Amino acid sequence: MPVTSKPEPLRLGLAGLGTVGIGVVKIVQQHADMISARAGRAVVITAVSARDRSRNRDADLSGYAWETDPVALARRDDVDVFIEVMGGHEGPARDATAAALAAGKDVVTANKALLAHHGHELALVAEARGLALRFEAAVAGGIPVIKALTEGLAGNAMRRVMGVMNGTCNYILTRMESAGLPYEQVFEEARQLGYLEADPNLDVGGIDAGHKLSLLAAIAFGTRVSFDAVELEGIGAVSIDDIRLAADMGYRIKLLGVAQMTGRGLEQRMTPCLVPADSPLGQLQGGTNMVVLEGDSVGQIVLRGPGAGMGPTASAVMGDVIDLARGLRIPAFGRPAASLAAPVAAATTAPAPYYLRMTLLDKPGALAKIATCLGDAGISIDRMHQYGHQGTQAPVLIVTHKATRDDMAHAMGRFAATGVLVGAPVAIRIEEV
Ligand code: HSE
């Protein structure tokens, strides 16, 4: 009888033993047989690394070698795949990832910041050496969106990629609406619930979600990651008044990422937008994520799921690990990194309707002056609502027909000279979804 040798196990080195790292340990330990059956070989952790060995981590790590230095872990002979779940786009995460590739190891990372800043150069290094760089967990947590784009939708020219990809912001915005609370109060609640990153601006400033969008845009449009070209605006200026008035008009406000290739170049935005309240994006509640993918053949796909947390993020890491155990090797951005084009950033945005809220002096001709500013900029009014009077002032809400951001800025730049405006107007793009 021929003797068939058992395939060698795939050996993992795990750098980072926070929530995600421990989630990976749990899956590897609890589902060893299932993973081995699916991958055709065992997947084992051989060594781990974290700063503080004495911390109680609610997992049995006794069978693993310990390295305090992740770079040393990355270079170990008994590690085939280096898993980086430490975070941070410079320092140990970058050094250890580079060291792993230099030592000939495949890399799986959950680090969106690292990839948004250095993804192209890391992918070039990996591919020049025949190694894999995988990052499913970096975008929208447990939603397998990278796999959807690089595999399932590989036969499509992508038209547009959209998403709510920061659960903390979506929690804050939906809680403001449901409880009728101002931003500052809900921000404080989110802090107390532990939802915010150590640097809250990563969440509420749109940076974390912008990192994710830049990675999806690179895959969808075959361009080098260009996080610096993402137009970023956080949710700090979204008021409860706008949330209420938008709801009256049939919309919800979301921190929405949109990437599309236009005739003017690649447009990437992560900004508060209005979306129809009855659309899938409008219906998205709490900390959940949603990614909308539009391809020329498939049409629109909507993926919804948990964007963070131990189980969902570890699930995505393990999806990548099991692909590597199976021998499935797809370039990091779905095509060779050396073939990714330098993106030309679109100088302006595709036209869209705008929500425009302002307070006017309640006197004859006030509204006409504002309408003239809009008309002179080529902007037509779709709907309008005046909310009674507050003394000598009148709150006014206008929904415009499609306009470019530049036209809106031009029109709004002329509002002050009318002498009828009280305070600053608010303009929010309405994304057609
Ligand atoms: N802080 C992120 C969020 C999770 O709230 O979605 C990690 O990217």
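The values are calculated or read from the model by the stated rules, or taken from the named source; none is laboratory data. Values in this document were obtained by computation on a predicted structure and should not be read as measured data. Positions of Cβ are generated from backbone atoms using ideal geometry, with glycine treated the same way; all protein chains shown enter the neighbour counts. Note: areas computed on protein heavy atoms with side chains; ligands, DNA, RNA excluded. Shrake-Rupley method; radii C 1.70, N 1.55, O 1.52, S 1.80 Å.
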By the mean-Cβ-within-10 Å protection proxy, highest first, 9-20, 94-105 rank as 9-20, 94-105
Looking at this model, which pairs from 369/402; 212/254; 112/254; 112/402; 254/363; 147/212 are more than 25 angstrom apart at the alpha-carbon?
112/402; 254/363
Out of 306, 195, 384, whose Cα points farthest toward the positive end of the dipole of the chain (charges: +1 Lys, Arg; -1 Asp, Glu; placed on Cβ)?
306
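How large a share of the accessible area of region 10-138, in percent, is made up of carbon and sulfur atoms when the probe is 1.4 Å and the other protein chains stay in place?
Carbon and sulfur together cover 47 percent of it.
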For region 354-429, size of Cβ-based charge dipole, Lys and Arg +1, Asp and Glu -1, in debye:
100
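So with the 1.4 Å probe, I'd like the accessible area per residue for region 145-307, rounded to whole Å².
Here the residues of region 145-307 average 36 Å² of exposed surface.
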Mind ranking 384, 358 by accessible surface for me, highest first, 1.4 Å probe?
384, 358
Heavy-atom accessible area of region 328-370 with neighbours in place, 1.4 angstrom probe: carbon+sulfur share in percent works out to 65
The chain, Gaussian network, Cα under 10 Å: of 150, 109, 359, the residue fluctuating most is 359
Nearest 10, in degrees from 0 to 90: the angle of helix 167-179 to the longest Cα principal axis of the chain is 40
Dividing the helical contributions, -39500 (n - 2.57) per DSSP H run of n ≥ 4, by the residues of the chain yields a 222 nm value, nearest 500 deg cm²/dmol, of -10000 deg cm²/dmol
Degrees between helix 183-192 axis and first principal axis of the chain (Cα, 0 to 90, nearest 10):
20
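Relative to the Cα centre, what is the charge dipole magnitude of region 145-307, using +1 at the beta carbon of each Lys and Arg, -1 at the beta carbon of each Asp and Glu, and rounding to the nearest 20 debye?
In debye, rounded to 20, region 145-307 gives about 520.
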Qualifying trypsin sites (Lys or Arg not before Pro) for region 278-374 [loop in DSSP, other Cβ within 10 Å: at most 16]:
329
For region 10-138, report the accessible area per residue in Å² (1.4 Å probe, heavy atoms, rounded to an integer).
41
Treat every Asp and Glu Cβ in region 81-225 as -1 and every Lys and Arg Cβ as +1, leave all other atoms uncharged, and give the resulting dipole magnitude about the Cα centre to the nearest 20 debye.
560
The alpha-carbon pair-distance distribution computed for region 1-102, with 10 angstrom bins and whole-percent values, is 15, 46, 29, 8, 2, 0
Might you tell me the accessible area per residue for region 354-429, computed with a 1.4 Å probe and given in Å²?
48
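Give me Rg over Rh for region 145-307, both radii from the alpha carbons and Rh done the Kirkwood way, two decimal places. Mind showing how you got there, number by number?
Details: Rg = 15.6 Å, Rh = 16.0 Å.
With Rg and the Kirkwood Rh in hand, the quotient comes to 0.97.
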